[in-house]
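Notes for the one structure printed next.
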Ligand code: ADP
């Protein structure tokens with residue numbers, strides 16, 4: 001048996017012995033006065049009163065924080081000591097927990113990102129200083145408020161519940177300053193609780209816009225000198241053809257002309273990308289008769305292709321799309337131009353437009369060389385080419401698929417590339433079903 005249990009036994013044994021001795025003493029006194037029963041009763045009453053007093057003292061100590069424990073007697077001394085030890089231990093634990101909570105609060109308060117803890121019913125439980133500054137939350141007053149009442153943005157409610165399935169952070173104008181942009185993220189945890197993390201991305205946005213402006217301005221500025229150069233080259237080409245003084249220069253001039261034409265196309269593509277990035281979403285949307293657009297473009301391509309490829313179309317008539325016509329036309333043109341460019345003469349190119357499970361899908365397939373899987377994720381990057389040597393000779397700018405991707409993003413559409421080397425490729429744009437306009441008059 002362990003030591004504390006032994007101690008306890010000894011204490012209670014002593015208490016029993018003391019009671020027995022006390023009663024024996026009382027009985028002896030009783031015998032002297034021939035009042036044994038009375039003496040025993042008085043002795044028991046004194047004994048009980050003593051216990052009652054110590055029990056009262058214990059009760060007072062437990063219920064009133066400021067009362068210090070007094071020394072007890074017998075078993076009571078042991079009980080008091082044990083309780084005192086327990087209380088001390090609790091006090092130390094409380095102090096430690098308090099300091100951990102304090103440290104946690106101080107570190108989260110110092111976080112540069114705003115953090116808001118939201119309960120299962122969308123109410124604010126806690127937020128740090130950065131969240132107060134970024135989201136204009138007021139400490140004290142806004143605790144317990146519904147977060148959707150404080151962060152006002154049309155997409156925020158769906159974003160909070162996770163109904164918005166893009167998985168990307170939500171960018172909203174800052175409630176403090178319209179010119180600033182916040183990026184919001186939701187991290188679900190625990191039982192329906194969520195952590196909202198807000199970050200100020202204004203600087204990043206400004207840098208992006210500077211980069212965009214730079215690309216647009218540089219392209220714009222390059223256009224004029226290039227037009228001058230191309231004008232002279234055109235003249236020289238004619239002279240060289242006439243076998244005049246420039247006859248020896250015929251080949252270099254032809255090469256310079258081809259390269260300057262390519263430069264012109266790159267500049268045009270860069271300008272188109274810049275336009276797509278800056279004003280794409282502001283362009284008006286309308287019902288587009290996609291089958292008619294595909295037929296018209298296919299005619300143009302057939303004419304330019306001069307019979308090198310077979311261009312087929314397979315469209316669902318009456319299936320129209322709500323969107324921006326110039327962007328959709330540029331998507332189709334770029335995909336068909338690529339298919340024709342990379343598929344050797346004699347190959348087939350098919351343009352399809354159908355509803356699949358309600359979602360409209362535009363697909364351009366070819367039976368060209370196909371693309372190895374490792375290139376697929378990078379194809380839409382600007383200037384990414386599988387075979388860098390080829391792009392220069394075949395008229396590509398390396399920007400076609402970047403333009404396609406941007407145009408599709410403006411229509412919440414996804415580009416799915418399916419390709420097998422040696423068999424061919426299919427570039428498909430899958431639009432959300434809300435964009436379908438079926439059985440239009442078109
Ligand atoms: P480019 O102007 O060079 O065609 P794109 O951005 O349009 O630039 O395409 C990027 C690269 O993807 C191309 O360089 C080419 O290697 C590859 N590619 C695009 N379409 C096809 C296709 N239909 N078949 C094979 N390769 C393709």
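The values are calculated or read from the model by the stated rules, or taken from the named source; none is laboratory data. Please read all numbers here as calculations on a predicted model, not as lab measurements. Using ideal geometry, Cβ is built from the backbone for each residue, glycine included, and neighbour counts are taken over all protein chains shown.
The rows are residues; the columns are (1) without any contact (Cβ under 8 Å) to a residue 12 or more places away in the chain; (2) in the same structural domain as residue 273 (by TED's automatic domain parsing); (3) within 16 Å of the ligand (Cβ to nearest atom); (4) in contact with a helix residue (DSSP H, G or I) (Cβ under 8 Å, 6 or more places away or on another chain).
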site	(1), (2), (3), (4)
306	yes, no, no, no
314	no, no, no, no
319	no, no, no, yes
324	no, no, no, yes
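Exactly one condition in (1) in the same structural domain as residue 8 (by TED's automatic domain parsing); (2) over 26 Å from residue 8 (Cβ atoms); (3) at pLDDT below 90 is false for residue 69; which is it? The single condition residue 69 does not satisfy is (2).
Which fully enclosed helices (runs of 4 or more DSSP H) of segment 124-236 have 1 or more residues being in contact (Cβ under 8 Å) with a residue 60 or more places away in the chain, in contact with a helix residue (DSSP H, G or I) (Cβ under 9 Å, 6 or more places away or on another chain) and outside the structural domain of residue 413 (by TED's automatic domain parsing)?
Numbers: elements: 129-135, 147-150, 156-161.
Ranges flagged: 129-135.
Is it fair to say residue 292 is on the phi < 0 side of the Ramachandran plot and modelled with pLDDT under 95? Considered against the rule, which asks whether it is on the phi < 0 side of the Ramachandran plot and modelled with pLDDT under 95, residue 292 comes out as no. Criterion applied to 99, 107 was being under 24 Å from the mean Cα position of the chain (by Cα), more than 19 Å from residue 184 (Cα to Cα) and surrounded by fewer than 14 Cβ atoms within 10 Å (Cβ to Cβ), and the one residue passing it is 107. Being out of contact with any strand residue (DSSP E or B) (no Cβ under 8 Å at 6 or more places or on another chain) and either farther than 20 Å from residue 400 by Cα or touching a residue at least 12 places away in the same chain (Cβ under 8 Å) (or both) is the requirement here; does residue 338 meet it? So residue 338 fails the test. Do the conditions hold for residue 104, that is, is it on the phi < 0 side of the Ramachandran plot, part of a helix (DSSP H, G or I) and in contact with a helix residue (DSSP H, G or I) (Cβ under 8 Å, 6 or more places away or on another chain)? Against the criterion (on the phi < 0 side of the Ramachandran plot, part of a helix (DSSP H, G or I) and in contact with a helix residue (DSSP H, G or I) (Cβ under 8 Å, 6 or more places away or on another chain)), residue 104 does not qualify. Contact map, segment 358-374: residues that are closer than 14 Å to residue 315 by Cβ and not assigned by TED's automatic domain parsing to the domain that holds residue 330 paired with residues that are more than 9 Å from the ligand (Cβ to nearest atom) and not in a loop (DSSP other than H, G, I, E, B), Cβ distance under 6 Å, separation 6+ or inter-chain. No pairs are found.
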